[in-house]
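Here is the structure we will look at, set down as structure tokens.
The values are calculated or read from the model by the stated rules, or taken from the named source; none is laboratory data. What you are looking at is a predicted structure, and each value in this text was computed from that prediction instead of being measured. Every residue, glycine as well, gets a Cβ built from its backbone with ideal geometry; the counts of neighbours run over all protein chains shown. Note: areas computed on protein heavy atoms with side chains; ligands, DNA, RNA excluded. Shrake-Rupley method; radii C 1.70, N 1.55, O 1.52, S 1.80 Å.
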Amino acid sequence: MLKNLKDILYKISIEEVLGTTDVEINSIQFDSRKIESKDVFIAQKGFTVDGHLFIEKAILLGATVIICEEFPNQISKNITYIKVKDSNSALAILASNYYNNPSSNLKLIGVTGTNGKTTIASLLYQLFKKAGFKVGLLSTVKVLVDEKEYNATHTTPDSITINSYLNDMINEGVDYCFMEVSSHGIHQKRTHGLHFEGGIFTNLSHDHLDYHHSFAAYRDVKKSFFDALPKSAFALVNIDDKNGSIMLQNTKATKRTYALKTIADYKGKVLEKRMSGLLLTINGTEVWSKLIGTFNAYNLLAIIGTAEICGLEKLEILRLVSELESVSGRFQYTISKTGITAIVDYAHTPDALKNVLETIADIKTGKEKVITVVGCGGDRDKTKRPKMARIASQLSNQAIFTSDNPRTENAQTIIDEMEVGVPEENSAKTLSILDRKQAIKTACKLSESGDIVLVAGKGHETYQEINGERFHFDDLEVVAECLIQLNK
């Protein structure tokens, strides 16, 4: 898609230009390995790699425009160099301009917070689809352009990918797009320049401190998303979370709240919790959902609130909510012929693990044992490891610590760091089994009819990442296979 460079520089804060901006360009790239003839190369100062080191390589591969924060020492002839204050912001705006600002031509709603983003975005996609709209989804699990499905690589993709998908949605006549907005995505300006119709805040708990370094920094990055919402947008927040009111402090958007414990615009009350679903009231009206647990009651409030704000009819919303199906890897369960319930959940933070285990405690009917299999990812926030082990050991009859996605770390070292958090009185009910498949098998073998096996941490993921390689591994597949073997 050929464009003239000067036509897509609108709103970019340019400090200096060497060469002409009246030049045809082919595409925009921030990865020098993807450069082809007439491409623009944007040099970003990344978390681990500085793109400025690859400017020369990009030119050799055919780049004719370089956008950077610092000009290189060697200036090549017939190349346009544009110096900007922030390459990340420039990339986001350039990508949006290149695709004719697609976010302004549909209703884009962002969902941010520690837990619940995938569930809320995915269920909003389901609900609006059932209501007759053409809908898009940008989520951790998958990307949907109306009914066309693509694999997701990041919770919030890079700016070029986001705008490319949004452009595809425009071409398909999509009305609404629901998008997970991660703290990394906000901080790295991947969502900069997008026009949001609304923003939803779920909650804030311990996560990504390896990247943000402090909880305050993590919180403030989330807050910046709401600070940037336009006056025409809405901001819907979970006011039961103490950070909900902080998200609303400086936003120009219309403020709306949801809660189970506090007075709110969308006030809910859980009446019944079962393995088959939830019965709750929302602003005094009863609604039944197939979703399970108090944490899903919060998700439902966010979904119903968003649908009402967007103008859907109240009774129609409640009818559609009762039809919604759970999201892949989020409290997905199977029951064996012998009566063992196995639950697979993405819970990979202390708060999420606690929520899932407390939900299981709520729906237990008697003296069923709860056996939890859990690990922690490598090359990520180390401080949550002992916390997750403590929660698993306190809220389970048996906790089995195992590998998750160790990435470049030693899996046994990760488990050792988890075990530090186990109180002495709980140590007798914990086991460490390095091999994840063996850990799941052991949990199934230790269970009896009526017991509940929770496999936490990976949810929808169908791989294990070890030393830079991804190997096929699906928790749901493994646990189902183990239960079948036990039935024989």
Exercise. If you scan segment 241-256, which residues turn out to be part of a loop (DSSP other than H, G, I, E, B) and either small (Gly, Ala, Ser) or crowded, with 17+ Cβ neighbours inside 10 Å (or both)?
Worked result: ASP241, ASN243, THR251, ALA253
For this session: Mind telling me which of the residues ASP379, ASP351, ASP362 ends up being over 27 Å from ALA428 (Cα atoms), among the charged types (D, E, K, R) and open to solvent by 10 Å² or more (accessible area, probe 1.4 Å)?
Result: ASP379
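Residue by residue, here is whether (1) more than 22 Å from GLN394 (Cα to Cα); (2) touching a helix residue (DSSP H, G or I) at 6+ places or on another chain (Cβ under 8 Å); (3) touching a residue at least 12 places away in the same chain (Cβ under 8 Å); (4) not in a loop (DSSP other than H, G, I, E, B) holds:
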| residue | (1), (2), (3), (4) |
| --- | --- |
| LEU434 | no, yes, yes, no |
| LYS437 | yes, yes, yes, yes |
| CYS444 | no, yes, yes, yes |
| GLU448 | no, no, yes, no |
| PHE471 | yes, no, no, yes |
| LEU476 | yes, no, yes, yes |
For this session: Show the residue pairs that are 6+ apart or on different chains and have beta-carbon atoms under 6 Å apart, the first residue being within segment 6-33 and part of a strand (DSSP E or B), the second being among the aromatic types (Phe, Trp, Tyr).
Result: LEU18/TYR81; ILE28/TYR98; GLN29/PHE41
Exercise. Restricting segment 450-469 to residues that are touching a Lys or Arg at 6+ places or on another chain (Cβ under 8 Å) and loosely packed, with under 15 Cβ neighbours inside 10 Å, which is farthest from ASN397 (Cα to Cα)?
Worked result: GLY468
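Results for (1) in contact with a His (Cβ under 8 Å, 6 or more places away or on another chain); (2) of a type in the set (Gly, Ala, Ser), shown as yes or no for each residue.
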{"residue": "SER89", "(1), (2)": "yes, yes"}
{"residue": "SER96", "(1), (2)": "no, yes"}
{"residue": "PRO102", "(1), (2)": "no, no"}
{"residue": "LEU106", "(1), (2)": "no, no"}
{"residue": "GLY110", "(1), (2)": "no, yes"}
{"residue": "GLY116", "(1), (2)": "no, yes"}
{"residue": "ILE120", "(1), (2)": "no, no"}
{"residue": "TYR125", "(1), (2)": "no, no"}
For this session: Could you please find all residues in segment 413-426 being closer than 20 Å to GLY378 by Cβ and open to solvent by 70 Å² or more (accessible area, probe 1.4 Å)?
Result: ASP416, GLU419, VAL420
For this session: Scan segment 23-68 for residues that are charged (D, E, K, R), open to solvent by 40 Å² or more (accessible area, probe 1.4 Å) and either closer than 24 Å to SER96 by Cα or touching a Cys at 6+ places or on another chain (Cβ under 6 Å) (or both) and jot them down.
Result: GLU24, ARG33, LYS34, GLU36, LYS38, LYS45, ASP50
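Out of segment 257-270, which residues are touching a residue at least 40 places away in the same chain (Cβ under 8 Å) and surrounded by 21 or more Cβ atoms within 10 Å (Cβ to Cβ)? Break it down stepwise before answering.
Taking segment 257-270 as the starting set, the residues that turn out to be touching a residue at least 40 places away in the same chain (Cβ under 8 Å) are 258-260, 265-266.
Result: TYR258, TYR266.
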For this session: Go through segment 136-170 residue by residue and tally those that are open to solvent by less than 20 Å² (accessible area, probe 1.4 Å), in contact (Cβ under 8 Å) with a residue 40 or more places away in the chain, more than 19 Å from GLY116 (Cβ to Cβ) and not hydroxyl-bearing (Ser, Thr, Tyr).
Result: 5
Seminar exercise, completed: Selection over segment 31-64 where residues are hydrophobic (A, V, I, L, M, F, W, C) and touching a helix residue (DSSP H, G or I) at 6+ places or on another chain (Cβ under 6 Å) yields a count of 6
For this session: List the number of the failed condition for TYR218; all other conditions in (1) at pLDDT below 95; (2) out of contact with any His (no Cβ under 8 Å at 6 or more places or on another chain); (3) open to solvent by less than 20 Å² (accessible area, probe 1.4 Å) hold.
Result: (2)
For this session: Can you work out which of the residues in segment 105-120 that are part of a strand (DSSP E or B) and of a type outside the set (Val, Ile, Thr) is most open to solvent (accessible area, probe 1.4 Å)?
Result: LYS107
Problem set entry | Residue check, ILE400 over 24 Å from GLU424 (Cα atoms), among the hydrophobic types (A, V, I, L, M, F, W, C) and open to solvent by less than 60 Å² (accessible area, probe 1.4 Å) | no
Exercise. Among the residues of segment 69-104 satisfying the criterion of being part of a helix (DSSP H, G or I) and of a type in the set (A, V, I, L, M), which is surrounded by the fewest Cβ atoms within 10 Å (Cβ to Cβ)?
Worked result: ILE93
